[in-house]
Amino acid sequence: MEPLIRTALRTVPLLTATACLALALTGCAGEDGPAQARKTPSASTSPKPAPALSAVQARDVITRYSKINNEANADRDRRLLDTVEDGPLYAMSLSDYTETEGLPAKDREPYKAWSYDVTSAKLYIPRLPSGQERWFATALSDRQGKAPSRLAVFAERPQHKRWEMVSVVDLDSPKLPKIALDRDGYATAADGNKKLAAGADLLRTAVLDNFATGGTNTGTKVFSPTEASKRQIKVHDETGSRFGNQASTVFEAAPNRYEDAYALKTMDGGALVLFSHTHTQTDTVANSGLQLNPGKDDRAWLHDVPRTSIRSTFVCNDAVTVPAKAEPSRLIGYTCARTNASGPPVPTQLHRA
């Protein structure tokens, strides 16, 4: 999707709009390689695994993505978008298409084509054993002359013989993770759940806990208090209390279709881990005399029908740096999009009243 990502979940008053909304719109471009990451010598003389692709090929992948993404977004062409996006990112982009189509034509903003600053992009291309799914990460900027502010992942889809973007995350700081590179400028992939101080499964559990409990159980134990982790906790605290005694809000983990985790070794011996999670937010009125009235951004899912309860599903991408030792990890960015919303309508007699 286009290069605007809103990660904050908005709050809305009872009887005027529905649950909080986080929306993700994404895009990409690239350049030669990760100049900011320091190259480290290799002590091994055994043959190295081949890199996932060359820097030139990676630039071509990103250029193709940018071109086709713009063409697809202009007409909300799902089939065309499916040729350059996959996984959680594709689901998030489709949710934006759906939400836009739920708006009256006069409320739809004209699509504006975009481009990334190719010269400022950083490529993190790992060496991968034969037979392993090929992928690479890249740090991107959506403004000419500005430092990269996003981390994206591209994965190869051999069945379609093409590369597709599967994840993108807005970073809270322009300071990029220090990825370890070999003499040739290539990164080293790490197993997202093995030989790390905190694997993707634990990190995902901690992120979900930030939303569900405000980090009480695992969130504040696994993560140090970064801007991203504090923002997730703020969503729990503020969203959960915004209705007072008129309605309740509950966050819960949801079945997650996107279990892939992408990890790169960092210079300090730790890793950068990129993964996804899915959670729900359920708003429920306190008694039968109250109702939740959908707003215009909810029309695609709720069709202006008042509800007694609304359950929204969010798909999110998360980026975490994990230390080499058993110390708190750092959530450095996350991006969410609501991908569905539903709930029982109020009884007909109440609606008429």
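Structure data summary
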{"read-out": "FRET efficiency estimate (nearest 0.05) - Cβ-Cβ, LYS194 to MET267, R0 22 angstrom", "value": "0.65"}
{"read-out": "Cβ-placed point charges (K, R +1; D, E -1), dipole of the chain about Cα centre in debye, nearest 20", "value": "500 debye"}
{"read-out": "Within the chain, helix-based [θ] at 222 nm, where runs of 4 or more DSSP H residues each add -39,500 (n - 2.57), nearest 500", "value": "-7000 deg cm²/dmol"}
{"read-out": "Interchain or long-range residues, amide H under 5 Å from ILE332's placed H", "value": "ALA319, VAL320, THR321"}
{"read-out": "Fully extended contour minus Cα-Cα distance, from LEU80 to ARG64, at 0.36 nm per residue", "value": "4.5 nm"}
{"read-out": "Paramagnetic reach from THR213 in segment 239-263 [backbone N under 16 Å; point 7 Å along Cα→Cβ]", "value": "250-254"}
{"read-out": "Net length gained if the chain between LEU202 and ASP107 were fully extended (0.36 nm per residue, minus Cα distance)", "value": "30.0 nm"}
{"read-out": "Per-q log10 I(q)/I(0), the chain, q = 0.10, 0.13 Å⁻¹ (Debye; single scatterer per alpha-carbon; no solvent)", "value": "-0.62, -0.99"}
{"read-out": "Carbon and sulfur %, accessible surface of the chain computed with the full protein complex present, 1.4 Å", "value": "50 percent"}
{"read-out": "FRET E, pair SER130, ALA286, Förster distance 56 Å, beta-carbon r, rounded to 0.05", "value": "0.40"}
{"read-out": "Exposure rank, largest accessible area first [HIS160, HIS236, HIS277, HIS303; 1.4 Å]", "value": "HIS303, HIS160, HIS236, HIS277"}
{"read-out": "Residues SER115 and GLU327, FRET efficiency given R0 of 51 Å [Cβ-Cβ distance, rounded to 0.05]", "value": "0.80"}
{"read-out": "Cβ-placed point charges (K, R +1; D, E -1), dipole of segment 246-323 about Cα centre in debye, nearest 20", "value": "180 debye"}
{"read-out": "Solvent-accessible area per residue, Å², over the chain with all protein chains present [probe radius 1.4 Å]", "value": "45 Å²"}
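The values are calculated or read from the model by the stated rules, or taken from the named source; none is laboratory data. Being a predicted model, the structure only gives us computed values, none of them experimental. Because the Cβ atoms are built from the backbone with ideal geometry, glycine has one as well, and the counts that use them run over all protein chains shown. These area figures cover heavy atoms from the full protein model, side chains too; ligands, DNA and RNA do not enter into them. Shrake-Rupley method; radii C 1.70, N 1.55, O 1.52, S 1.80 Å.
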